Amino acid sequence: DSTLDIAHASPEELAALHADLRAQHRDLVAANLSLDLTRGKPAPAQLDLSSALLDLPGDGNYRAPDGTDARNYGGLTGLPEVRAVWGEVFNVPGAQLIEGGNSSLALMHDVVVNAVLHGTGDGELAWGGQQISFLCPVPGYDRHFTILEGLGITMIPVPLLADGPDMTVVKDLVAADPQIKGIWCIPKYSNPSGSVYSDEVVAELASMPTAATDFRIFWDNAYAVHHLTEEAVELADILATCEAAGNPERAYIFGSTSKITLAGSGLSFFGGSAKNVAWLQKFLFCRTIGPDKINELRHLAFLPDAAAVTDLMARHRAVIAPKFDMMLRILAENLAGSGVATWTTPKGGYFISLEVPDGCASRVVALAKEAGIALTPAGATFPYGKDPKDSNIRLAPTFPSLADLEKATQGLTVCVLLGAVEKQLTSTDAV
Ligand code: PMP
């Protein structure tokens, strides 16, 4: 029985379970599966929800509301009507929100690179001439870490709790070290833990004294409206909180429609204080003559207001909530009694974060790979790809069909148990 409490099993029980799991794993390998739980991609059924976009704005409909010919160059910061709709979604005044193409990650990269090359506009030195660091709440999003690694910026992991980063650790670090210039935050339904920053954490981030006068919060609100339950979890207004705390330029806000409309062909946004928006705009002007206004018009016709966004997200939820429910059910059925794994139950977002015994995550990922189940590489949720405990695995249930997801999760739990039993056997041998 796979619900045996592994840590407290007798040597005989462990040996029998090991043989049974080995056999189950051999069967999985023989089944020649090709399943993928790696990237948080929308499923085809989710992309279908926005297929109307493929016919919009429609032949002849190229005029913006003010009469501008959207086919032509210009309009560097995006159409005001689009910025107003998405400003409501991301809690930023439309005038302080820039639409900047199909990828918010590209905007994050731009912002970091501009600060490295030119500084943040606070009168401080460019970040590039110095050895600077960022705080990285972990587990976190690998692409955030990749941006910093490529630029030689030191990453300091800090624990991410259910209500945000461990602020005792964060406050001590930023108060002491003027070379700590930033922190990555995924404040709602975080990738991969599902954490949601509490009002207290937001207030502390906004008000904490920092040794660096050009300290910035990179507020990646990628899952702002991506609820998985009836509860539309609320997030405090970071911009207003920073302003009220006397740190109006502290937050750089990012968001996109990648997991709202079409992941590869959506809109992305940068928001912040008027001063920060002007700062980025200056560099955008060097990089482009303007964004894809036809795509903006297309999105404006499809999602003319925030209420339309809410409706669409309810339809996404109908597609993906059953996938999360299924994965959580199988994890509970197969692992709950074993005492070797814990996992998050997110209220939104795209991921479940799985904790296996220390030293087991890479082995579990390797066992799954042998069985044709692709998992996010162990360590990916940590800076430099190094999970010091080798215990975290990010699970992404949205993309596979329900039938594939069931097979993949069943197989995954066999690999988790097998990895844990192997470890238990070697530690028992060692005694
Ligand atoms: N931020 C987070 C936290 C994400 O999880 C993702 C996508 N997985 C992105 C940004 C990428 O956003 P975009 O498609 O707008 O570049």
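The values are calculated or read from the model by the stated rules, or taken from the named source; none is laboratory data. This structure is a prediction, so every number in the text was calculated from the model and none was measured. Cβ sites come from the backbone with ideal geometry, for glycine too, and all protein chains shown count toward neighbours.
Here are some notes:
- Scanning the stretch 137-163 for residues that are within 16 Å of the chain's Cα centre (by Cα) and more than 26 Å from residue 38 (Cβ to Cβ) yields one hit, 163.
Yes/no matrix, rows are residues, columns are (1) closer than 25 Å to residue 17 by Cα; (2) buried (at least 23 other Cβ atoms within 10 Å of the Cβ):
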{"residue": "391", "(1), (2)": "yes, no"}
{"residue": "394", "(1), (2)": "no, yes"}
{"residue": "406", "(1), (2)": "yes, no"}
{"residue": "410", "(1), (2)": "yes, no"}
{"residue": "417", "(1), (2)": "yes, yes"}
{"residue": "420", "(1), (2)": "yes, yes"}
{"residue": "423", "(1), (2)": "yes, no"}
{"residue": "427", "(1), (2)": "yes, no"}
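- Residue list for the stretch 167-208, filter: without any contact (Cβ under 8 Å) to a residue 12 or more places away in the chain and in contact with a strand residue (DSSP E or B) (Cβ under 6 Å, 6 or more places away or on another chain): 169
- Pairs where the first residue, in the stretch 100-120, is assigned by TED's automatic domain parsing to the domain that holds residue 287 and assigned to a helix (DSSP H, G or I) and the second is within 10 Å of the ligand (Cβ to nearest atom) and charged (D, E, K, R), C-beta under 6 Å, 6+ apart: 105/143
- Tally of residues being in a helix (DSSP H, G or I) and either within 30 Å of residue 315 (Cα to Cα) or in contact with a Gly (Cβ under 7 Å, 6 or more places away or on another chain) (or both) across the stretch 22-60: 11
- Single condition residue 337 does not satisfy, out of (1) modelled with pLDDT of 95 or more; (2) away from the ligand (no atom under 16 Å from the Cβ); (3) of a type outside the set (Asp, Glu): (1)
- Residue match in the stretch 225-246 (condition: under 14 Å from the mean Cα position of the chain (by Cα) and within 14 Å of the ligand (Cβ to nearest atom)): yes
- Candidate set from the stretch 126-146 (those that are within 15 Å of the ligand (Cβ to nearest atom) and not in a strand (DSSP E or B)); member that is surrounded by the fewest Cβ atoms within 10 Å (Cβ to Cβ): 143
- Flag for residue 369 being part of a helix (DSSP H, G or I), at pLDDT 95 or above and of a type outside the set (Asp, Glu): yes
- The criterion of at least 1 residues that are more than 16 Å from the ligand (Cβ to nearest atom), among the hydroxyl-bearing types (Ser, Thr, Tyr) and touching a Leu at 6+ places or on another chain (Cβ under 9 Å) is met, among strands (runs of 3 or more DSSP E) falling completely within the stretch 147-224, by 154-161.
- Residue 269 vs. criteria hydrophobic (A, V, I, L, M, F, W, C), within 16 Å of the ligand (Cβ to nearest atom) and under 30 Å from residue 412 (Cα atoms): no
- Whichever residue in the stretch 33-68 is touching a Phe, Trp or Tyr at 6+ places or on another chain (Cβ under 6 Å) and either of a type outside the set (A, V, I, L, M) or without any contact (Cβ under 8 Å) to a residue 40 or more places away in the chain (or both) and, among such residues, is nearest to the ligand (Cβ to nearest atom): 40
- Check on residue 260, within 16 Å of the ligand (Cβ to nearest atom), modelled with pLDDT of 95 or more, closer than 29 Å to residue 207 by Cβ and not assigned by TED's automatic domain parsing to the domain that holds residue 349: no
- Taking the stretch 1-21 as the range and being part of a helix (DSSP H, G or I) and of a type in the set (Asp, Glu) as the test, the residues that pass are 12, 13, 20.
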